[in-house]
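Here the structure comes first, spelled out in structure tokens, and everything after it is commentary.
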Amino acid sequence: MPEFQKVAVIGIGYIGLPTAALIASRGMQVLGVDTKEDVVRTVASAAIHISEPDLDGLVSKVVSGGALTTSAKPQPADVFIIAVPTPVDCEHRPNLSSVNAALESILDLLAPGNLVILESTSPIGTTEGIARRISERRPDLHIGTNGTENGAIYVAYCPERVLPGRILTELVNNDRCIGGVTPACTRRAQRFYKSFVRGACVATTARAAELVKLTENAFRDTNIAFANELSLICDRFDINVWEVIDIANRHPRVNVLRPGPGVGGHCIAVDPWFIIDSAPELTRVMRTSREVNLSKTQKVVEWACALIEDHPYANVACCGLTFKANVDDLRESPSMEIALHLAVKYGARIKIVEPNLRRLPPELADHQVGFMNIDEALRSCEIAILLVDHDEFKMVPLAERRHLDVIDTRGIWQDMPRRT
Ligand SMILES: NC(=O)c1ccc[n+]([C@@H]2O[C@H](COP(=O)([O-])OP(=O)(O)OC[C@H]3O[C@@H](n4cnc5c(N)ncnc54)[C@H](O)[C@@H]3O)[C@@H](O)[C@H]2O)c1
């Protein structure tokens with residue numbers, strides 16, 4: 001009999017739903033559990049509530065074939081995967097309430113032989129905390145010993161590192177990092193992932209696996225902070241930062257990343273705080289990097305305000321709102337923050353150009369700003385604040401934007417006079 005037949009995925013959002021659908025397509029019976037009724041209903045009707053290439057077809061197939069069902073409440077299974085949100089609060093402290101609620105919802109269902117996997121990005125020690133909670137509430141179960149006869153169950157951490165837009169491909173092909181709270185837990189979780197992952201399933205401890213995920217994003221944040229700091233230095237000394245980076249990167253062992261208006265998204269801008277919160281006195285570089293990236297956003301606001309004040313009758317195109325190029329995701333977006341600031345201050349003079357959104361986000365709509373395509377903006381604006389390197393903006397030829405005063409935070413219009 002196969003070792004893993006029934007899987008419950010707790011939280012069927014951007015990570016949980018593709019994971020549930022993929023596992024269901026590999027012959028396991030999967031229950032997708034979510035506290036949001038509309039999510040449960042939508043997926044049960046073989047549709048999807050998130051946008052991700054090819055996911056609709058896969059979900060439709062596994063739901064119609066009966067391999068993926070949904071519910072607001074978990075049911076007994078061989079494997080429980082927890083993929084719920086782990087945000088930080090306004091003081092940048094991790095909020096684990098969803099992980100704790102998800103765990104509470106399965107405690108009474110656990111049975112000998114079960115495997116509990118945490119996939120949510122989490123602070124160091126969270127998985128061990130889950131094992132402790134299970135031991136407290138279910139003294140009949142023993143964590144991570146060999147054999148099921150003595151009530152052994154298994155607890156492991158396996159972070160998700162997929163790129164939105166390529167989730168289904170990367171779920172299968174990326175290497176995974178798997179850390180159990182005991183070696184037996186790691187081995188069991190490895191066997192589970194090997195049943196549907198083509199990438200390597202690298203074994204480690206639960207704590208190391210938690211830190212691996214946080215390290216990946218803190219590393220990116222720190223490197224971007226270096227580039228952002230460099231952009232401020234170049235501004236002070238009137239040097240072209242893009243030229244400096246291009247030439248420095250000709251060194252065979254140098255790879256400076258590109259600066260921007262700050263750092264956004266729900267991972268890189270958030271995850272370093274998980275490490276900083278757990279060891280404030282040891283994380284000076286990470287904290288400073290976060291602060292540098294946050295302060296770059298304020299600096300762009302200052303530059304934009306100074307330029308706008310110099311041209312009291314000019315209309316201002318804010319080009320891009322999303323946190324990175326060619327997506328519709330506004331989470332933690334510094335561009336959105338900059339646009340909002342300018343909207344509050346200058347109202348109708350601000351014209352938002354965001355080709356990946358159909359309408360203005362409500363926060364901006366309240367401020368009477370315009371919403372237009374790039375053609376209209378090029379016709380009606382005299383200033384452009386370039387915030388996101390969308391393909392649509394890259395393609396605008398110099399002849400069509402020569403009349404603009406530009407702050408180009410992404411370095412895609414380098415063939416004209418610019419500020420950063
Ligand atoms: N989205 C990504 O690209 C990505 C990449 C790597 C890691 N992660 C991490 O994966 C985790 C999940 O992220 P996501 O983007 O899928 O979040 P999401 O918000 O898209 O989905 C999470 C789902 O969990 C549900 N939920 C919350 N509490 C629940 C509970 N107690 N029981 C059942 N369902 C519950 C929510 O209703 C939601 O539908 C986070 O820790 C995130 O940091 C996300």
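Could you list all residues from segment 255-275 that are open to solvent by less than 50 Å² (accessible area, probe 1.4 Å), more than 16 Å from the ligand (Cβ to nearest atom) and farther than 24 Å from ALA339 by Cβ?
Looking only at segment 255-275, we keep the residues that are open to solvent by less than 50 Å² (accessible area, probe 1.4 Å), and these are 256-257, 259-265, 267-275.
If we keep only those that are more than 16 Å from the ligand (Cβ to nearest atom) too, we end up with 256-257, 259-262.
Correct list: VAL256 only.
Taking segment 373-417, which residues are assigned to a loop (DSSP other than H, G, I, E, B), within 18 Å of THR297 (Cβ to Cβ) and among the charged types (D, E, K, R)?
Residues satisfying the conditions are ASP389, ARG410.
For the list (1) open to solvent by less than 30 Å² (accessible area, probe 1.4 Å); (2) hydrophobic (A, V, I, L, M, F, W, C); (3) within 15 Å of the ligand (Cβ to nearest atom), I need the number of the one condition that ALA189 fails.
(3)
Select the helices (runs of 4 or more DSSP H) contained entirely in segment 194-287, then report the ones holding at least 3 residues which are over 21 Å from THR127 (Cα atoms). Step through it out loud before you land on a result.
Details: elements: 206-237, 241-248, 272-278.
Once the helices (runs of 4 or more DSSP H) in segment 194-287 are filtered for at least 3 residues that are over 21 Å from THR127 (Cα atoms), what remains is 206-237, 241-248.
If I go through segment 22-57 residue by residue, how many of them are free of Cβ contacts under 8 Å to residues at least 24 places away in the same chain and among the acidic types (Asp, Glu)?
So the answer is 2.
Which of the residues that make up segment 350-368 are part of a loop (DSSP other than H, G, I, E, B) and touching a Gly at 6+ places or on another chain (Cβ under 7 Å)? Steps first, answer last, please.
First pass over segment 350-368, keeping only residues part of a loop (DSSP other than H, G, I, E, B): 354-361, 366-368.
Answer for segment 350-368, where residues must be part of a loop (DSSP other than H, G, I, E, B) and touching a Gly at 6+ places or on another chain (Cβ under 7 Å): GLU354, HIS367, GLN368.
Going through segment 137-174 one residue at a time, which ones are without any contact (Cβ under 8 Å) to a residue 40 or more places away in the chain and within 14 Å of the ligand (Cβ to nearest atom)?
In the first step, residues of segment 137-174 are kept if they are without any contact (Cβ under 8 Å) to a residue 40 or more places away in the chain; the result is 137-142, 145-151, 163, 169-170, 173-174.
Within segment 137-174, LEU163, THR169, GLU170, ASN174 qualify.
Looking at (1) of a type in the set (Lys, Arg); (2) farther than 17 Å from THR409 by Cβ; (3) open to solvent by 10 Å² or more (accessible area, probe 1.4 Å), find the lone condition where LYS299 falls short.
(2)
In segment 378-395, what residues are open to solvent by 10 Å² or more (accessible area, probe 1.4 Å) and either in contact with a helix residue (DSSP H, G or I) (Cβ under 9 Å, 6 or more places away or on another chain) or free of Cβ contacts under 8 Å to residues at least 40 places away in the same chain (or both)?
Correct list: LEU378, ARG379, GLU392, LYS394, MET395.
Take ILE23 and decide whether it is surrounded by 13 or more Cβ atoms within 10 Å (Cβ to Cβ), closer than 20 Å to ARG198 by Cβ and of a type in the set (A, V, I, L, M).
In short, yes.
Among (1) under 18 Å from LEU171 (Cα atoms); (2) in contact with a helix residue (DSSP H, G or I) (Cβ under 7 Å, 6 or more places away or on another chain), where does PRO53 come up short?
(2)
The values are calculated or read from the model by the stated rules, or taken from the named source; none is laboratory data. Remember, it's a predicted structure, so these values are computed and weren't measured experimentally. Virtual Cβ from ideal backbone geometry, glycine too; neighbours counted across all protein chains shown. These area figures cover heavy atoms from the full protein model, side chains too; ligands, DNA and RNA do not enter into them. Shrake-Rupley method; radii C 1.70, N 1.55, O 1.52, S 1.80 Å.
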